[in-house]
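A short worksheet on the structure shown next.
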Amino acid sequence: MLSAMCIMAVNGCSIKENRSECPSRLMLDMSRVHLDSGDSLDLMIMADSNRVYSARVDSASFREDFVIEVPRVSLRLVAWCGGEGMTGHDGLVIPLGRSCPEVYTHISDIDADAEIVYDTLMMKKNHCVVDLNFKNGSGEGMKLKIRGNVCGYDRYGNPVEGEFAAVAGREGVEISALSRVVLPRQSGGGLVLDVEDRNGRLKSFPLSDYIEATGYDWNAPDLRDLLITIDLVHTTVSLTVAGWDEEFFFDIVI
């Protein structure tokens, strides 16, 4: 129905002598949006800082062309999948104490100064799943927390500075020895790994330094996941980046 309405509107505009006053038809190809990215998609289009369109698109439309009538100006299109209700007109805000949702984003700049313009949604993995465990049961009775300085994304999909803290949990984890925190894309250092017991914090480790030493790229289009193993007996922390063969070891002081 939306496509038909847009076509009728543009056809009605075609009788004008100055067609530059007519809106443009933005045709979105959603055929490459995979269902494992989420069962719906939040779409927002902005001209400068003004929102000109926003909608939630059900997964039933992911295999269809989606047509939107937009002004003939430079536009920024941002699409979100998997935001778990944390996305809004101002972007995505992660509540303190929660992990980042497993969010996928598509961001593109579009010159809409034409009768018809096209964009293909290519959702990129904008989160890092960090699985953590204690080796050889060395952390019995302890829990792990990651703190950082990025608390979400702005409306343009850029990381936003703010307090982040999440205790590693079991949600979505299939291996019993592991716990998990999901991180947003980072814009600088500041990640800290805490070891805690019921009385509070026992030890903190500079997680950003460890990740940086592996050559991990926070600017990659699709963020890779991490496995972190803490061995309190042999006083080491090891990091493994998903898809890489090498395991990185770091000495720690207990």
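Residue ranges 61-67, 216-222 sort as 61-67, 216-222 when ordered by packing (mean number of other C-beta atoms within 10 Å per residue, highest first). In a simple Cβ point-charge model (Lys, Arg +1; Asp, Glu -1; nothing else charged), the chain has a dipole of about 500 debye relative to its Cα centre. Over the chain, dividing the summed -39,500 (n - 2.57) contributions of all DSSP H runs of at least 4 residues by the number of residues returns a 222 nm mean residue ellipticity of -2500 deg cm²/dmol. The ranking of Thr214, Thr236, Thr87, Thr229 by Cβ neighbour count inside 10 Å, starting from the fewest, reads Thr236, Thr214, Thr229, Thr87. Which of the listed residues, Met142, Ala47, Val129, is farthest toward the dipole's positive end in the chain, when Lys, Arg count +1 and Asp, Glu count -1 at the beta-carbon? Sorting the options by dipole projection puts first Met142. Each Cα pair under 8 Å and six or more residues apart adds its sequence gap; the mean of these over the residue count of the range 73-125 is a relative contact order of 46 percent. Dipole magnitude for the range 127-251: about 460 debye, using +1 per Lys or Arg Cβ and -1 per Asp or Glu Cβ, origin at the Cα centre. Our Cα-only numbers for the range 127-251 put the radius of gyration and Dmax at 14.2, 45 Å.
Volume per residue of the convex hull around the Cα atoms, evaluated for the range 63-145, comes out as 141 Å³. Across the options Met30, Phe62, Val73, the greatest Cα extent toward the positive end of the charge dipole of the range 29-76 (unit charges at beta carbon of Lys, Arg, Asp, Glu) belongs to Val73. Remark: spin-label model distance Ala114-Ala213 equals 5.0 nm, labels positioned 7 Å along the Cα→Cβ axis.
Working from label points 7 Å from Cα in the Cα-to-Cβ sense, the Val253 to Met27 distance is 6.4 nm. In this Cβ point-charge picture (+1 for Lys and Arg, -1 for Asp and Glu), the range 32-137 has a dipole of about 480 debye about its Cα centre. Highest mean packing first, where packing is the average number of other Cβ atoms within 10 Å per residue, the peptides 165-173, 70-78, 242-250 line up as 70-78, 165-173, 242-250.
The eigenvalues of the Cα gyration tensor, multiplied by 5 and square-rooted, give the chain an equivalent ellipsoid with semi-axes of 45, 16, 15 Å from largest to smallest.
Phi angles of the range 65-75 translate, via the Karplus equation with coefficients 6.51, -1.76, 1.60 and θ = phi - 60°, into HN-Hα couplings of 6, 10, 10, 10, 8, 9, x, 8, 9, 6, 10 Hz per residue; Gly and Pro are given as x.
When each of Leu193, Leu43 is scored by the number of other beta-carbon atoms lying within 10 Å, the sequence from fewest to most is Leu43, Leu193. Within the straight-line cut-off of under 20 Å between alpha carbons, the lysines reachable from Lys135 are Lys143, Lys145, Lys203, sequence neighbours fewer than 8 places apart in one chain being disregarded. Among Cys151, Cys81, a tally of other beta-carbon atoms within 10 Å of each Cβ gives an order, fewest to most, of Cys151, Cys81.
Just so you know, all these numbers are worked out from the coordinates, no wet-lab data involved. As the structure is a prediction and not an experimental result, all values here were calculated from the model. In this analysis, Cβ positions are derived from the backbone assuming ideal geometry, glycine residues included, and neighbour counts consider all displayed protein chains.
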